[in-house]
Structures are given as C-alpha cells and as structure tokens.
Amino acid sequence: MKWIRNPLVFDRISNVFFFNLDVKMKTVCFSFLLLFYFSKIALCQNSSIQLKLLSKELMTQGKVEFGIQLSDRLKSGIQLFLDGDKSNGINPFNPDHLLIQATFSSDTLQIQREGFYYEAYQANYTANRWEKLNDIFPFRVRFAAPVEGNWLMSLRIYHQHQLIDTLSALFMVQPSNRKGRLVVKENERQLYYQNTDEPFFGLANNISSGGFLSYLPSQFQRQLNGVKQLASAGGNLTRFELGGQAALPDWDEIDNYQTKMDEMQGFDELLSYCNDHEMYYIIFRHHVEARSNPIDQDIPSWDKTSWYENPYRNQLRLTQRRSYFTDETAIKWQLNTLRYILARWGWSPKFLAYGYSEIDHWYENLKREEAITDQAAIEVMLPWLARQKSFMESLNSPILTCHSYGNLPQYEWTKKGVLSLSDFIPLHVYDETKAANQHRLDRSEKYQKRFEKPVLLEEIGINDNKIQLYCATSSAYRNALWSTSFMGLMATGMDWWWDRGVFDNHYEQEMIKIKLCLDTFRLLNPTNSNIIPGYDQDKKQVAKRKLEVYYLQSETGIIAWAHHASAYWRNEKNKEIASLLASSYLTSPCVVGENHDVNQEGKGDYSNKRFVDAYTFQETIPALEDYSLKLKMKERGNYQITYYNSVDRLQILRRENRKTNRFGKLQIKLPTLDEKQTDVLLMIQKLD
C-alpha cells in the first residue's frame with residue numbers, strides 16, 4: 001500500500017486487485033493491505049508530511065484518530081510562535097496561519113473534519129501533576145464513522161490560505177453495537193437515535209467538574225470515577241462544564257492554547273470514556289466567565305474564574321462587558337476557540353449539545369453597568385449566540401445547541417429570545433419543599449407547551465444552603481429521580497450535587513430500578529409517539545396531601561409511580577435531620593467530593609415553616625389505606641395491573657385484572673402507603 005495522490009474508492013481498488021474473491025475475502029485482503037500500509041507509513045518519501053493511524057480499533061461510532069507531522073519548515077515556524085515570537089511565528093491555533101481539513105468519504109457519506117494542534121500529556125498520580133510526553137505527531141484529526149465499510153480520508157493542508165499539500169488514506173471500519181447521534185424531531189418530547197429512529201430517554205446526572213480551582217490528575221480521576229459510577233447505574237446522560245480552571249482552551253490566552261494542553265488531555269480521556277460507554281454529554285460554558293468575584297463582592301469566592309481573570313478583558317483591554325459580546329476581535333477569537341473545541345471533541349457522537357448556562361447571570365453585570373432591562377441585555381447577547389450557532393453550522397457540526405436560564409425573564413415568552421436558538425429547553429429548578437416535584441412538573445409542562453421542544457431539567461436539587469441534607473437522607477434525591485422519570489421529559493432530572501453527598505452515598509444506584517421499569521414499559525408499548533405524562537393527587541391542598549402520582553400513558557397502557565406525598569425529608573425522624581433542625585449542622589463531619597466536609601457550609605434554614613406540612617409534628621406520617629385511584633384510559637376494556645415494590649427491589653406485590661367503566665376510567669386500589677412502604681410502581685397494560 002502507498003500514499004494515494006489521486007484517491008480511488010475502495011470498491012474500485014478491490015474489484016481490480018481482488019476481482020475473483022467474495023466480499024469476505026476482499027475484506028481480509030484489504031485488511032492485510034492496510035496493515036502493510038501503516039507499517040510503512042513513517043518511511044513515506046513522497047511527502048514532507050508524516051501520517052499515522054493511532055486508533056487501535058476501527059469500529060463504527062468509535063474514535064478514528066490520525067497523527068500528523070508537518071514539514072521541518074512549518075514545525076520551526078510553530079515553535080517560534082510557542083516560544084513567544086507571535087510576530088514571526090506560525091500560530092498553530094489560527095486557521096489564517098495554518099489550517100488542516102479532512103474529508104472522510106464512504107460509498108454513501110461524506111463528512112468534514114478539521115485537524116488541531118496537540119501536545120501529549122500523562123497523569124503522574126503520585127506527584128498529582130500532568131507530565132508532557134515526547135510525541136512526533138503534534139497535529140491530530142479525529143473522526144467517528146457512522147457506518148461500517150471502507151472509508152477514504154482526503155487531507156488538505158493550508159498555510160496562509162494557500163494549499164501546500166494533500167494526502168489521502170484508506171481504512172476499513174468494522175461494525176459495533178455503539179449508538180449514534182441523537183436528533184430532535186418536531187413536536188416530540190424525547191430525542192431519537194439518528195441511525196435507528198428509536199426513542200432515547202436519559203438517565204441523567206450532572207458531573208459538572210472535577211474541581212473549582214484547578215483540574216489536577218486527582219480531580220480528573222474523581223470526575224472520571226463519577227462518570228463510571230453513573231454508567232454502572234445505567235446512566236446515559238451527563239453535563240460537563242468547560243471551565244476556565246480546567247480545559248477551556250482560551251482562558252489563559254485568547255490566541256494560544258498551549259498552557260491548557262495538560263487539562264485538555266484529561267478532558268480527552270473523560271470524553272473518550274463516555275463515547276466507549278454510551279454516555280451522552282452536554283458541554284456548557286459557565287456564567288462565572290462574565291461575572292464579578294470578591295473584588296467587588298458580587299459573588300462568593302467559590303471559583304477563580306471570573307470577569308476579572310477573563311483573558312478577553314485583560315488582553316483586549318475591554319472596559320465594559322458589552323464589548324465581550326460585540327467587539328469584533330473578541331468574537332474572532334471566541335469563534336476560533338469554538339472551532340478548536342469542535343475539532344478536538346466534536347468527533348464523538350456522544351457530544352450531544354453545546355451552550356451557555358444561566359444566561360441571566362451572563363448578562364446581569366451588563367444590566368447593572370448600563371442600567372438596562374433584561375430585554376435590552378438579551379438583545380446584546382442574542383446576535384453573539386446566533387453567530388456561534390451559524391458558525392457551527394458552517395463547519396457542518398451536528399452538535400445541538402442549548403442555553404439555559406436560572407430565572408426565565410418575561411421577554412423569553414415572546415419566543416424571540418435566547419431559547420429560540422436552543423434545540424431543546426433546559427430548566428433549572430432547585431427546590432426542597434414538599435411540592436418540589438409538582439413544581440418541576442408544572443414548569444416543564446408550561447415550557448413544553450409554549451416552546452414545543454423537548455424539555456430537560458438539567459439542574460435540579462436542594463438549594464445550596466441546605467446541601468447537608470444529602471448526608472442525612474436520600475429522600476430528596478430519590479423522590480426527584482422517580483417523579484421526573486414520569487414527567488414526559490427527555491431525561492430524568494439532573495441533580496447538580498453529585499460530589500456533595502449524592503454519589504458519595506451511591507444514591508444514583510436507584511437508576512437501575514428505573515431503567516428496568518422504563519425498558520419493560522417500552523417493550524410493552526413499542527410505539528412511542530403518543531406517550532404523554534399525567535399527574536394525580538388525593539388533595540389539592542399541599543399541606544394535607546398524602547398521595548401524588550406521576551405517570552406516562554401510551555395508547556394501551558400506563559406506567560405510574562404512586563408516592564406518599566408526606567414522605568419527604570422534613571417528616572423523617574432520624575438523628576441527622578434532628579441535628580440539622582436544631583443547629584444547621586450534622587452530628588459529625590461528612591466528607592465528600594474533594595475532601596470537603598459539608599458541615600463547613602453555611603447555616604441553612606431547615607426549621608423554616610415553609611417546609612412543614614400538616615403531619616410534621618405527629619409521631620409518624622399517617623398511613624394512606626384503601627385508597628382508590630381512578631385513571632382515564634385511552635381505550636375502554638380489560639387491563640392487567642401489576643404492583644411493584646419500588647422501595648426495595650421491584651418485587652411484585654400483587655397482580656389483578658380490572659375493567660374500565662363506561663366512561664373509560666379504571667379504578668385502582670392502591671396498596672397501603674406509609675413510612676416504610678412510601679411508594680409503589682404500577683404497570684397497567686391492556687389485555688387483548
């Protein structure tokens with residue numbers, strides 16, 4: 001095998017050389033051809049470029065990575081820039097200086113990718129530092145083949161917009177069981193697998209960052225372990241912050257990303273693990289980049305990343321935040337960073353979406369500086385965000401866009417604001433009251449109906465002044481996880497506090513039961529398009545409510561979670577809850593995450609009366625006995641109802657057949673719900 005200057009499609013090659021062989025033997029011969037080809041790669045004399053296939057396995061939806069070494073002249077110019085001579089050197093991060101483009105072609109598809117500058121690092125866990133490795137391939141091209149078979153990569157290298165070299169390579173991709181990209185369908189509540197058209201439902205949790213102030217190997221490993229923990233529970237969706245303290249390429253310098261190569265190595269490995277383990281992820285930019293810090297006492301000192309450390313402010317001497325969103329030089333380099341992000345990480349089909357978190361916090365200081373309204377501030381940011389979306393489309397990126405708010409401004413309801421750019425609607429709802437999950441349902445339904453897009457509760461949990469609760473009880477996390485599974489969302493609610501007691505206490509393992517329930521329901525109801533959520537309760541007055549039911553309904557059945565509404569943290573009788581109520585502290589240290597004792601958090605208002613219901617001061621919550629629930633079925637007829645113990649291991653409590661009345665309502669007699677049996681799962685299926 002040799003370099004192909006005038007590329008030939010593999011079928012033509014195989015038909016010429018292996019015309020008398022069947023398809024299987026053609027594949028075998030071609031594999032040996034490739035092996036010989038890449039074993040000789042370093043001895044290539046036809047070009048000043050060296051190219052090497054670095055991936056050990058070539059499987060569909062897996063990473064195909066090529067290493068590229070350029071000519072000595074280009075390498076010298078790049079080194080000059082990295083040594084500090086920006087005037088005479090070649091900037092490997094600037095496409096006006098150097099651009100590597102690759103086209104990957106099969107018989108039916110053509111996919112564009114770009115190369116990127118790369119430095120190899122490895123983690124030294126003993127010294128807790130990243131150590132640079134010698135690597136003769138400082139440029140990489142990454143790709144994931146969506147289909148098996150024969151692929152051709154055509155490489156083009158430009159220096160100062162002039163094409164200086166081309167090269168092509170053939171490779172073969174074997175089939176795998178990995179899933180492909182997810183796509184949005186019009187007026188659908190869920191996402192779908194692009195290659196199979198099957199519905200996707202996310203079992204999800206935030207694993208946002210490994211550390212607030214840095215991204216050392218220990219922090220990377222902790223974050224990776226969090227992803228592994230989520231995957232072991234059946235989880236398939238998470239969110240990562242692309243933070244200034246970690247792998248954000250342009251945080252130190254807007255035009256030179258070399259100082260971030262070590263942190264980006266960790267991010268590479270994190271995302272590769274996700275791709276190999278069916279873990280979809282959202283990458284978000286954090287509002288702290290444009291917010292103030294203790295220099296003007298606006299926000300607490302939990303992150304070194306702030307407006308005052310922002311390299312755009314400092315290098316371009318931006319005196320106002322408006323300039324960050326409007327200055328053409330700033331925008332040029334912001335888009336260039338986005339180009340690099342897509343080149344380095346956009347290869348993975350598990351990279352679901354990219355966006356900006358809590359837009360209202362991105363512009364809150366702009367509002368204050370200029371004394372303008374939410375609408376006026378949004379109108380400053382909107383063209384900036386729209387330009388990024390258009391830029392992604394110009395690079396043929398299939399990655400979705402999502403932007404969120406902490407508190408939605410009224411202007412967004414006009415459908416002319418930032419959410420108009422989002423492919424799905426992310427919500428943030430922190431709440432620890434008795435009605436927390438009803439509030440989440442109400443808000444998500446309101447947003448879904450208004451914007452007619454899938455809705456994701458991408459940040460939920462306890463408010464940050466009461467996170468000691470995660471060391472006292474699992475009920476807040478568990479109740480939110482079960483209830484949001486049946487709200488007709490694109491995923492379960494994503495708790496924010498993964499490393500503040502949730503994963504430390506293995507609460508996420510509850511997902512195993514939920515996955516089993518939902519998988520069973522889908523097998524019984526293969527048609528997904530008409531599944532809708534529902535909600536019921538025994539009393540409208542929250543304080544006296546004993547029952548809440550969240551369910552999903554198809555044409556022929558219902559899956560429901562019936563929960564004793566008073567079984568929430570404030571009504572639990574354990575010593576840690578009692579201690580929090582009395583002093584706002586736990587009885588002993590609770591060390592979580594990065595050796596953080598949550599007892600060091602500020603005092604929470606645990607004893608506030610808004611958390612109390614009608615049964616709080618009784619010895620125990622009253623049992624809900626002999627309660628008859630009536631659900632309106634889509635079709636009249638006979639149904640089988642199976643009751644499962646969702647508190648324990650989904651044991652079947654009982655099974656019975658019932659018939660709807662003439663109005664199509666099915667009467668269901670629930671098992672007794674009390675402080676021990678706080679909830680049950682119901683699977684209701686039409687008998688044919």
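The values are calculated or read from the model by the stated rules, or taken from the named source; none is laboratory data. All values reported here derive from a predicted model rather than from experimental measurement. No Cβ is skipped: glycine too gets one built from the backbone with ideal geometry, and neighbour counts run over all protein chains shown. Surface accessibility is based on the protein's heavy atoms, side chains included, excluding ligands, DNA and RNA. Shrake-Rupley method; radii C 1.70, N 1.55, O 1.52, S 1.80 Å.
Summary of values
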item: Residue within the range 389-412 that is open to solvent by less than 20 Å² (accessible area, probe 1.4 Å), under 30 Å from residue 62 (Cβ atoms) and hydroxyl-bearing (Ser, Thr, Tyr) present; result: yes
item: Pick from the range 189-220, criterion in contact with a strand residue (DSSP E or B) (Cβ under 8 Å, 6 or more places away or on another chain) and among the charged types (D, E, K, R), ranking: most open to solvent (accessible area, probe 1.4 Å); result: 198
item: Verdict on residue 648 being at positive phi, open to solvent by 50 Å² or more (accessible area, probe 1.4 Å) and either of a type in the set (Val, Ile, Thr) or not in a strand (DSSP E or B) (or both); result: no
item: Residue satisfying all of: in the range 537-553; touching a residue at least 12 places away in the same chain (Cβ under 8 Å) and over 15 Å from residue 485 (Cα atoms); most open to solvent (accessible area, probe 1.4 Å) among these; result: 544
item: Filter result (under 27 Å from residue 246 (Cβ atoms), surrounded by 18 or more Cβ atoms within 10 Å (Cβ to Cβ) and of a type in the set (Phe, Trp, Tyr)) within the range 102-143; result: 116, 117, 118, 121, 130, 139, 143
item: Hits in the range 598-613 (condition: open to solvent by less than 80 Å² (accessible area, probe 1.4 Å) and either at pLDDT below 95 or touching a helix residue (DSSP H, G or I) at 6+ places or on another chain (Cβ under 9 Å) (or both)); result: 598, 599, 601, 602, 604, 605, 606, 607, 611, 612, 613
item: Residue in the range 341-357 that is among the basic types (Lys, Arg) and more than 30 Å from residue 201 (Cβ to Cβ) present; result: no
item: Filtered residue count, the range 389-405, keeping only those that are closer than 20 Å to residue 325 by Cα, in contact with a strand residue (DSSP E or B) (Cβ under 8 Å, 6 or more places away or on another chain) and of a type outside the set (Ser, Thr, Tyr); result: 4
item: Subset of the range 283-329 [in contact with a Leu (Cβ under 9 Å, 6 or more places away or on another chain), more than 20 Å from residue 357 (Cβ to Cβ) and modelled with pLDDT of 95 or more]; result: 322, 323, 327, 329
item: Of residues in the range 458-476 being open to solvent by 10 Å² or more (accessible area, probe 1.4 Å) and hydroxyl-bearing (Ser, Thr, Tyr), the one nearest to residue 563 (Cα to Cα); result: 475
item: Subset of the range 408-456 [out of contact with any helix residue (DSSP H, G or I) (no Cβ under 8 Å at 6 or more places or on another chain), among the charged types (D, E, K, R) and either part of a helix (DSSP H, G or I) or in contact (Cβ under 8 Å) with a residue 12 or more places away in the chain (or both)]; result: 423, 442, 443, 445, 446, 449, 452, 453
